[in-house]
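Student: The structure that follows is given in the form of structure tokens.
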Amino acid sequence: MTIITVNSPKGRLSLKQRRKLAETLTDAVLVPEVGQFAPPARVGFQVHFVEREPDMMAIGGRLLADVGPEADVMAIDVAVMDGDWRQEVRTAVIERLLAALADACGLAKPSPTWWVNFRVIGEGSWGSSGGVLSVLSLLDSGVFTEEKVKAIHAALGA
């Protein structure tokens, strides 16, 4: 289970860009998380687009309304279930998210004012379907590689 929230100034992302990002941001996390491209796992991912008025975001102590469009500010918050999130896996996710955002925006590289927050929600702290979920219950779904299953067991001490 993963929730990706993209915070941007109102009007920064077009409908076409959001459609592309819904897929590419999902896959940017999915592949490192399960160890392979597994379209059936997409159902466990949500992407939320939150637009804010330029007077509701600031950078460098100044409102975007006062800075102007040259301050291309966006923040992506990623919340994932506890699992195999070693530094190299988190690094891969962050780099993939920023690359997907740059690609959708038609840029050669990500803006230095686009930031990613990566949060791991502890085991037993994620709920859905009327109860608490565990990544361990998802390991038999067939979407995780054997290597990932072993790494998750090791990371959780299970």
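The values are calculated or read from the model by the stated rules, or taken from the named source; none is laboratory data. Everything numeric in this text was worked out from a predicted model, so none of it was measured. Neighbour counts run over all protein chains shown; Cβ positions are idealised from the backbone, glycine included. Side chains are part of the model used for accessible areas, which takes the heavy atoms of the whole protein and leaves out ligands, DNA and RNA. Shrake-Rupley method; radii C 1.70, N 1.55, O 1.52, S 1.80 Å.
Student: Could you give the length gained by full extension between Glu70 and Phe37, i.e. 0.36 nm per residue of separation minus their alpha carbon distance, to one decimal place? Write down the numbers at each step before the final one.
Tutor: Values: separation 33, 0.36 × 33 = 11.88 nm, distance 3.56 nm.
Length difference between fully extended and current span is 8.3 nm.
Student: Next question. Take the alpha carbon gyration tensor of region 1-137, find the square roots of its eigenvalues, order them as a ≥ b ≥ c, and report rounded if a/c is under 1.5; if not, report prolate when a/b exceeds b/c, else oblate.
Tutor: On the way: a/c = 2.00, a/b = 1.74, b/c = 1.15.
Prolate.
Student: Over the Cα atoms of region 104-151, what is the Rg over Rh ratio if Rh follows Kirkwood?
Tutor: Numbers: Rg = 16.7 Å, Rh = 14.4 Å.
Computed over Cα atoms, the ratio is 1.16.
Student: Give the accessible surface of region 69-148 per residue, rounded to a whole number of Å², with probe radius 1.4 Å and ligands, DNA and RNA excluded. Walk me through the intermediate numbers first.
Tutor: On the way: 4290 Å² over 80 residues.
Ligands and nucleic acids excluded, the figure is 54 Å² per residue.
Student: How much of the accessible area of region 58-154, probe 1.4 Å, is carbon plus sulfur, in whole percent? It would help to have the intermediate numbers written out before the result.
Tutor: Details: 2880 of 5310 Å².
Roughly 54 percent of what the probe reaches on region 58-154 is carbon or sulfur.
Student: Moving on to the next point. For region 63-69, what does the Karplus curve 6.51 cos²θ - 1.76 cosθ + 1.60, with θ = phi - 60°, yield as ³J(HN,Hα) per residue in whole Hz, taken in order and with x for Gly and Pro?
Tutor: Those phi angles translate into 5, 4, 4, 8, 8, x, x Hz.
Student: In deg cm²/dmol, rounded to 500, what helix-only [θ] at 222 nm does the chain give when every DSSP H run of at least 4 residues adds -39500 (n - 2.57) and the total is split over its residues?
Tutor: On the way: 4 runs with 53 residues, N = 158.
Per the formula, -10500 deg cm²/dmol.
Student: While we're here: Tell me, what is the 1.4 Å probe accessible area of Ser128, in Å² to the nearest 10?
Tutor: 50
Student: Report the calculated FRET efficiency for Val120 and Glu53 (r = Cβ-Cβ distance, R0 = 22 Å), to the nearest 0.05.
Tutor: On the way: r = 31 Å, r/R0 = 1.41.
My answer for the efficiency is 0.10.
Student: Between Val132 and Arg18, how high is the FRET efficiency from 1/(1 + (r/R0)^6) when r is the Cβ-Cβ distance and R₀ = 30 Å? Nearest 0.05. Please list the in-between numbers first.
Tutor: On the way: r = 31 Å, r/R0 = 1.04.
E between Val132 and Arg18, to the nearest 0.05, is 0.45.
Student: Considering only the chain, what is the antiparallel percent among its DSSP beta bridges, to the nearest 5?
Tutor: Working: 11 of 27 bridges.
Percent antiparallel among DSSP bridges in the chain is about 40.
Student: Here is a further query. Along region 25-42, what does the Karplus equation 6.51 cos²θ - 1.76 cosθ + 1.60 (θ = phi - 60°) give for ³J(HN,Hα), rounded to whole Hz, x for Gly and Pro?
Tutor: Coupling constants for region 25-42: 5, 4, 5, 4, 9, 4, 4, x, 5, 9, x, 6, 6, 9, x, x, 6, 4 Hz.
Student: What residue among Arg12, Arg62, Arg90 has the largest mean-square fluctuation in a Gaussian network model of the chain, using Cα springs under 10 Å?
Tutor: Residue with maximal mean-square fluctuation among Arg12, Arg62, Arg90: Arg62.
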